[in-house]
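To start, the structure itself, in structure tokens.
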Amino acid sequence: MQGGDVRYERVKGTRDVLPREALARRELEKLVHDKFSRAGFLPILPPTFEKYELYQHSTGEASDIVIKEMYRFADMGGRDLALRPEGTPSVMRAILENHLKIPIRLWYAMTMFRQDKPQKGRYREHTQIGVEIVGEAEPEADVELIKLGYDLFTEMGIEGMYLELNTIGCRECRPGYTEKLTQFLTEHQKELCEDCKVRMQRNPLRVFDCKVAGCQEVLKSAPSQREHLCQGCKEHFDAVKKGLGRFSIPFGENERMVRGLDYYSRTVIEFKSTLLGAQDTLCGGGRYDYLAEELGGPPTPATGFAFGIERALLTSRGEDIFEFSGASIPLLVLPLGDKAQAYALELIFKLREAGISVQAEFRSGGLSRKLKCADARNAERVLIIGEDEIVKARFILRDMHTGEQKEMTFEELLSLHELKGPSLLTNGED
């Protein structure tokens, strides 16, 4: 549609997901559902907003999400609420509140909201797909999850993909390292940015998230966490690496990677893509064995990951994971005259019930005008119906690409397999 002045524009950091991408997203969700349901994952959909304290308590008071990025608001009853910035706390809260049986495997596709600086593939309103294995403490669960993610991204055709992983310890060994790190940061406090000065007081590990060049230079000489791991964490991490080796999954170790959320423990992972530039993380996750306890539940080991659909689409096969054919219409009915209009309306519903994807051109006009409309609407075939065709119960089927046409009965139409089902998407494979 052209002409006129646009009175309203979308809010900064949001975007309109138009049919081309919306259909690709639907196919991506179907791919995730098919792949992960075979591994025992069930869908879940928590509310879009929660109590603010849920994220404050789980994601971490020192995290950028809580400090800078959450959409926080008070409702008419004065309750302190927040739009969902990430999925894991809501999923764990839902498991505990609804007394779901453990172990359980869940996946979701949900809209998230963060007041972040809009970047390529990163928006203030975005959609994440996440998977969670809750109730399994073994390193094999980490390996299985990483393998599932690796297979998914490979099937999607993610370009420039690589995997990084690390271990950030547990309750037994992390306090000793945190003490050493705090001592180091205190000695270099004058060289740190203001945000890192706050982080070192609330959660010193968060300083490794800092992107400021000066802080990164200081952290090059920070004490190594690997030297402070307990035996259990060492064995767990070694088992994860050996498991990935058995599947020939390439990875790199990044000792400074801690992820941006406070609830992580032991294994943390990031799938990255060279196509995303400096902000190269495509998917992140890891183990969060203490989150359930932090939310008032029993000790419950868990691991998971999540990725943004927008960034995934940017890095898969150039831009889209599925080729879009331009919203072509497999069959468009062209009724000519008042009787044909009424007849066509009934006919398209009968055809749809038989599995045929069909629309009708009800705008007024003769055959010539309606054929032009069909061409503009990218119709593959048209079914021409006038009063004579109604009397004879034989319709004219015309191929819009070749111009060939022939008469057909209703029953003959039903036998045409090329008319069955939608043809808006093709898989992009020859």
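Identify, please: which residue in region 127-168 is touching a helix residue (DSSP H, G or I) at 6+ places or on another chain (Cβ under 8 Å) and among the small types (Gly, Ala, Ser) and is, among those, farthest from Ala39 (Cα to Cα)? My answer is Gly160. Report yes if Glu235 is more than 24 Å from Arg311 (Cβ to Cβ) and more than 33 Å from the chain's Cα centre (by Cα), otherwise no. So Glu235 does not fit the description; no. Check region 36-46 and report whether any residue there is more than 22 Å from Leu313 (Cβ to Cβ) and buried (at least 16 other Cβ atoms within 10 Å of the Cβ). Yes, because at least one residue in region 36-46 is more than 22 Å from Leu313 (Cβ to Cβ) and buried (at least 16 other Cβ atoms within 10 Å of the Cβ). For region 153-164, the criterion of being surrounded by 20 or more Cβ atoms within 10 Å (Cβ to Cβ) and not assigned by TED's automatic domain parsing to the domain that holds Thr300 is met by no residue. Name every residue in region 4-41 that is part of a loop (DSSP other than H, G, I, E, B) and of a type in the set (Ser, Thr, Tyr), in order of residue number. Answer for region 4-41, where residues must be part of a loop (DSSP other than H, G, I, E, B) and of a type in the set (Ser, Thr, Tyr): Tyr8, Thr14.
How many residues, within region 356-385, are of a type outside the set (A, V, I, L, M, F, W, C), assigned to a loop (DSSP other than H, G, I, E, B) and over 18 Å from His417 (Cβ atoms)? So the answer is 7. Beta carbons closer than 6 Å, at least 6 apart along the sequence or on distinct chains, pair a first residue in region 179-207 that is in a loop (DSSP other than H, G, I, E, B) with a second that is surrounded by fewer than 16 Cβ atoms within 10 Å (Cβ to Cβ) for Cys193/Val212.
Just one of (1) at pLDDT below 90; (2) in a loop (DSSP other than H, G, I, E, B) fails for Glu86. It is (1).
Looking only at residues in region 238-265 that are aliphatic (A, V, I, L, M) and part of a loop (DSSP other than H, G, I, E, B), the one that is nearest to Phe307 (Cα to Cα) is Leu261.
Residues being touching a Pro at 6+ places or on another chain (Cβ under 8 Å), part of a strand (DSSP E or B) and not aliphatic (A, V, I, L, M): count how many of those fall in region 89-115. Residues that pass the stated criteria total 3.
For region 386-404, taking the residues that are of a type in the set (A, V, I, L, M, F, W, C) and part of a loop (DSSP other than H, G, I, E, B), the one that is surrounded by the most Cβ atoms within 10 Å (Cβ to Cβ) is identified as Met400.
Hey, can you tell me all the residues within region 129-152 that are surrounded by 21 or more Cβ atoms within 10 Å (Cβ to Cβ) and either outside any helix (DSSP H, G or I) or acidic (Asp, Glu) (or both)? Of everything in region 129-152, those that are surrounded by 21 or more Cβ atoms within 10 Å (Cβ to Cβ) and either outside any helix (DSSP H, G or I) or acidic (Asp, Glu) (or both) turn out to be Ile129, Gly130, Val131, Glu132, Ile133, Val134, Asp142.
Residues in region 116-126 that are touching a helix residue (DSSP H, G or I) at 6+ places or on another chain (Cβ under 6 Å) and in a strand (DSSP E or B): 1 in all. Quick one: would you say Arg206 is in the same structural domain as Glu69 (by TED's automatic domain parsing), in contact with a helix residue (DSSP H, G or I) (Cβ under 6 Å, 6 or more places away or on another chain), at pLDDT below 95 and more than 30 Å from Glu27 (Cβ to Cβ)? In short, no. Yes or no: region 17-33 includes at least one residue that is within 14 Å of the chain's Cα centre (by Cα), assigned by TED's automatic domain parsing to the domain that holds Ile129 and farther than 24 Å from Ser316 by Cβ. No, there is no match, as no residue in region 17-33 is within 14 Å of the chain's Cα centre (by Cα), assigned by TED's automatic domain parsing to the domain that holds Ile129 and farther than 24 Å from Ser316 by Cβ. Counting only helices (runs of 4 or more DSSP H) that fall entirely inside region 266-355 and contain at least 3 residues that are within 16 Å of the chain's Cα centre (by Cα), modelled with pLDDT under 95 and more than 30 Å from Arg394 (Cβ to Cβ), the qualifying elements are 309-315.
The values are calculated or read from the model by the stated rules, or taken from the named source; none is laboratory data. Predicted model, so just to flag it, every value in this text is computed and none were measured. For neighbour counting, all protein chains shown are included, and Cβ atoms are generated from backbone atoms with ideal geometry for every residue, glycine included.
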